[in-house]
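Notes follow once the structure below has been shown.
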Amino acid sequence: MSEAGKKIILSGIRPTGRLHYGNYFGAVREFLRLQEQDARCYYFVADYHALTTITERREIYADTLHMLRTYVACGLDPVRSIIYRQSDLPCTAELALLLGMITNIGHLERGTTYKDKMAKIEADPRTEGNPLSYGLLGYPVLMAADILIVQADIVPVGDDQRQHVEMACDIAGKFNARFGETLKIPAAVDRNALRLPGLDGSMKMGKSDNNTLDLLDDEATVLKKVKSVPTTTDPEPLGTDSNDPDVVIPKMPAGVGVLYRLLSLLAPEAVYLEYLEAYRSGGKFYGNLKKTVAEHVSQFNAPIIERFNDPAHGDAFIEDFLRSNAQKVTPVALDTVESCREAIGIGRSLYRA
Ligand code: TYM
C-alpha cells in the first residue's frame, strides 16, 4: 500500500512510573499487533501530560527514557514505528491552544477522569496533583491535539481512555463544523477494550494507586505482589456455564477476578479452564492459583527484563532514535497546525517554511 493509503495509528503513555500489566494488555499489545500491519504507527511518551500530577520537580526526562527503553524491550521497533517524545513536538501545544478556544468548560468538567480525581482529592486532600489546575482540566484537549495533529484513524487505548478519545472526536467535529473540513475524525475506541483491575481488587490497575504488576518486576516481587491479592471470600456460584473470561471474570470477587484475568491472558487455555473448574467446584485452591499466576507472569517478564538490560538499548540508542523520529513526525504535525491556522483565519505562520 502506498504511504498515502496507509491507516494512521497513534497512541501514548505517560512516563509516570513503570509500565504495568494494565498498560501492556490495554494498549501496548495492540501497538505491537498494529506495528506488524501495513500502517503508519506513531507511539509517544506523553511527558507534557505527566505534568498534570506533579507537585514538585521530578526526573521526568529520566522516566521518559526508562519508559522508552521498556517500549523497546516489549518489542516496539523505532524503525517500523515512529516513536517519539510528546514535548519534542511542541506544535502540539499550539494545536491544543487552538482547540481549547472551541472547547466548553462544562464538557471538560463532565469528564470522568477529572471527576474521579476531584472526588479522590475531596476524600483525601493529600492526593497527588492539583485538580484545579488549568492543565488537568484541559488534559483531554491536549490529548485531542496529540491525536488530531497526525490525522490518526485509530487510537489503541485501554477502556479507561475511551471517553478521552470520544472527546477528541467531538472536538474535531466541532472544529470542522465551524471552520470547514480540516481535521480527520478518528474511530471510536472498541467496546471490548480491556480494563485490568488492580492487584488490590479495585476497579483499575493504575500507577498512582500502588496496585500494579509491572513488566520489569523480578520473580520475588511478582510472587510477593500476587500473594497479596485479596482472595478471602469463598467462591460463589457464577450463574453461568460460559467459560469466556469476559463473561465469567466480572462475576467473581474483584481480587480473584484479576488472578483469573492474568491467567486467561498468559497461561495456556487448558490451565485457565482447569482453574475455572476448581473455582466452580469450590475447595481450597487459591494458594496454587497464585503460584501458577506468578509463574506465568515471571515467564512473561523474563525476556522483557533481559532486553531491557541489553546495553545496546541504553540511553544513547534511545536518544538517537528520538532525534530522528522527531524529525519524521514534525512536518506531518506542522502541516496540520498550519491548516488549522488557515481554516480559523489567523493565517499561516510567517517564519515556518
Ligand atoms: P496512561 O499512561 O495512563 O495509560 C497508557 C495506556 O494504558 C492503558 N491502561 C489500561 N488499560 C487497561 N487496564 C488498565 N488498568 C489500564 N491502565 C492504563 C490506558 O488506557 C492507555 O491506553 N491519556 C493517556 C496518554 C495519552 C494518550 C494521548 C493516549 C496522552 N495523549 C493520545 C492516546 C492518544 C493515558 O492515560 O496514559
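With respect to residue 120, determine if the residue is among the charged types (D, E, K, R), within 12 Å of the ligand (Cβ to nearest atom) and at pLDDT below 95.
Considered against the rule, which asks whether it is among the charged types (D, E, K, R), within 12 Å of the ligand (Cβ to nearest atom) and at pLDDT below 95, residue 120 comes out as no.
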Query raised in the report: Can you tell me which residues in the stretch 216-254 are within 22 Å of the chain's Cα centre (by Cα) and among the acidic types (Asp, Glu)?
Result: 217, 246
**Report entry** Yes/no for residue 30 being acidic (Asp, Glu) and within 15 Å of the chain's Cα centre (by Cα)
**Finding:** yes
Report summary line: For residue 76, the lone unmet condition from (1) assigned to a loop (DSSP other than H, G, I, E, B); (2) farther than 20 Å from residue 164 by Cβ; (3) more than 15 Å from the ligand (Cβ to nearest atom) is (3)
Query raised in the report: For the stretch 35-53, which residues satisfy the criterion of being out of contact with any Lys or Arg (no Cβ under 8 Å at 6 or more places or on another chain) and touching a residue at least 40 places away in the same chain (Cβ under 8 Å)?
Result: 42, 43, 48, 51, 52, 53
Report summary line: A careful count of residues in the stretch 14-26 that are surrounded by fewer than 23 Cβ atoms within 10 Å (Cβ to Cβ) and under 14 Å from residue 49 (Cβ atoms) gives 3
Report summary line: For residue 261, the lone unmet condition from (1) within 12 Å of the ligand (Cβ to nearest atom); (2) in the same structural domain as residue 147 (by TED's automatic domain parsing) is (2)
Query raised in the report: Counting just the residues of the stretch 147-163 that are surrounded by fewer than 20 Cβ atoms within 10 Å (Cβ to Cβ) and part of a helix (DSSP H, G or I), which one comes out nearest to the ligand (Cβ to nearest atom)?
Result: 159
Query raised in the report: Does residue 311 count as free of Cβ contacts under 8 Å to residues at least 60 places away in the same chain, closer than 27 Å to residue 71 by Cα, within 29 Å of the chain's Cα centre (by Cα) and exposed (fewer than 12 other Cβ atoms within 10 Å of the Cβ)?
Result: yes
Query raised in the report: Can you tell me which residue in the stretch 174-192 is surrounded by the fewest Cβ atoms within 10 Å (Cβ to Cβ), limited to those that are closer than 21 Å to residue 156 by Cβ and free of Cβ contacts under 8 Å to residues at least 24 places away in the same chain?
Result: 191
Query raised in the report: In the stretch 205-221, which residues are part of a loop (DSSP other than H, G, I, E, B) and buried (at least 17 other Cβ atoms within 10 Å of the Cβ)?
Result: 205, 206, 211, 212, 213, 215, 216, 217
Report task. Check whether at least one residue in the stretch 193-207 is without any contact (Cβ under 8 Å) to a residue 40 or more places away in the chain and away from the ligand (no atom under 12 Å from the Cβ), and report yes or no. Result -> no
Query raised in the report: What number of residues within the stretch 30-73 are away from the ligand (no atom under 13 Å from the Cβ) and assigned to a loop (DSSP other than H, G, I, E, B)?
Result: 9
Requested in this report: Tell me which of these residue 224 doesn't satisfy, since it passes every other one: (1) assigned to a helix (DSSP H, G or I); (2) surrounded by fewer than 19 Cβ atoms within 10 Å (Cβ to Cβ); (3) not assigned by TED's automatic domain parsing to the domain that holds residue 258.
Outcome: (3)
**Report entry** Tally of residues being surrounded by 11 or more Cβ atoms within 10 Å (Cβ to Cβ) and either assigned to a loop (DSSP other than H, G, I, E, B) or without any contact (Cβ under 8 Å) to a residue 12 or more places away in the chain (or both) across the stretch 105-128
**Finding:** 9
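The values are calculated or read from the model by the stated rules, or taken from the named source; none is laboratory data. Please read these numbers as outputs of a predicted model, since none were measured by experiment. We place every Cβ from the backbone using ideal geometry, glycine too, and count neighbours over all the protein chains shown.
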